[in-house]
1. In whole Hz, with x marking every Gly and Pro, tabulate ³J(HN,Hα) for segment 53-59 from phi via Karplus 6.51 cos²θ - 1.76 cosθ + 1.60, θ = phi - 60°.
2. Averaged across orientations, what area in nm² does the convex hull of the alpha carbons in the chain project?
3. Search the structure for amide H atoms under 5 Å from the amide H of Ala131, placed 1.01 Å from N in the peptide plane, and list their residues when 5 or more places away or on another chain.
4. Per residue of segment 107-121, what does 6.51 cos²θ - 1.76 cosθ + 1.60 with θ = phi - 60° give for ³J(HN,Hα)? Whole Hz please, x for Gly and Pro, Karplus curve as stated.
5. Roughly what angle does helix 21-36 make with the longest principal axis of the chain, taking Cα atoms, 0 to 90 degrees, to the nearest 10?
6. Between Ser11, Ser123, Ser108, where does the largest GNM mean-square fluctuation fall for the chain, given springs only between Cα atoms within less than 10 Å?
7. What do you get when you divide the Cα radius of gyration of segment 1-66 by 2.2 N^0.38 Å, with N the number of residues?
8. Counting only heavy atoms of the protein chains, get the accessible area per residue of segment 64-160 (1.4 Å probe) and round it to a whole Å² value.
Amino acid sequence: NTGMAVTIDTSDNGDLHPNNKRDVGDRLAQWALARDYGRNDLICSGPLYKGMKIEGGKIRVMFDYIGKGLIVGKKNGEEQMQEVPAEKLGCFALAITDTSKPKGLKWSWADAVIDGNTVVVSSPDIQKPVAARYACICNPTGNKLYNKEGLPASPFRTGDL
């Protein structure tokens, strides 16, 4: 009976303990209301990684908790998240197999586009991707993946790699 509030968008300076505590509290309260108090009208989480499918030189990523849909969003401090549909998603990377690298993978930043309730990740430099990841860096910046309810996607890495 625990919940998780994703807070990768609450710090402007990369501090592990951001000044913006309101969003943290609101997100935890939303989790409790939806999961424990029967508020079926609330989505309790931002998008969480569910699975992936390799499609040629691209990886399609599926999510749980998409709510009314996926969007590209930007958040500044305590301001409300703003949808920025004309801008690109940031923080996505693809990997290829490379036995000379740690864990046998070579990671490269990639392009990502929302396609319905999924995200398609690709890179002109990668022809045979084996894994994808999102926001797996300290203090990820740039446009992020959200659901339309304004909750950010959790960082993830695909596979057991």
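1. Values, residue by residue: 9, 7, 10, x, x, 10, 10 Hz.
2. Numbers: hull surface 40.8 nm².
Answer in nm², one decimal: 10.2.
3. Amide H to amide H, under 5 Å and 5 or more residues apart or across chains, Ala131 pairs with Ala95.
4. 9, 9, 4, 9, 8, 9, 10, 7, 10, x, 9, 10, 10, 9, 10
5. 90
6. The residue with the greatest mean-square fluctuation here is Ser108.
7. Values: Rg = 15.2 Å, N = 66, 2.2 N^0.38 = 10.8 Å.
Expressed relative to 2.2 N^0.38 Å, the Cα Rg reads 1.41.
8. Values: 5220 Å² over 97 residues.
Counting only protein heavy atoms, the per-residue value for segment 64-160 is 54 Å².
The values are calculated or read from the model by the stated rules, or taken from the named source; none is laboratory data. These numbers were taken from a predicted model, which means no experiment stands behind them. Glycine gets a Cβ as well: all are built from the backbone with ideal geometry, and neighbour counts include every protein chain shown. The area values use the complete protein model at the heavy-atom level, side chains included, leaving out ligands, DNA and RNA. Shrake-Rupley method; radii C 1.70, N 1.55, O 1.52, S 1.80 Å.
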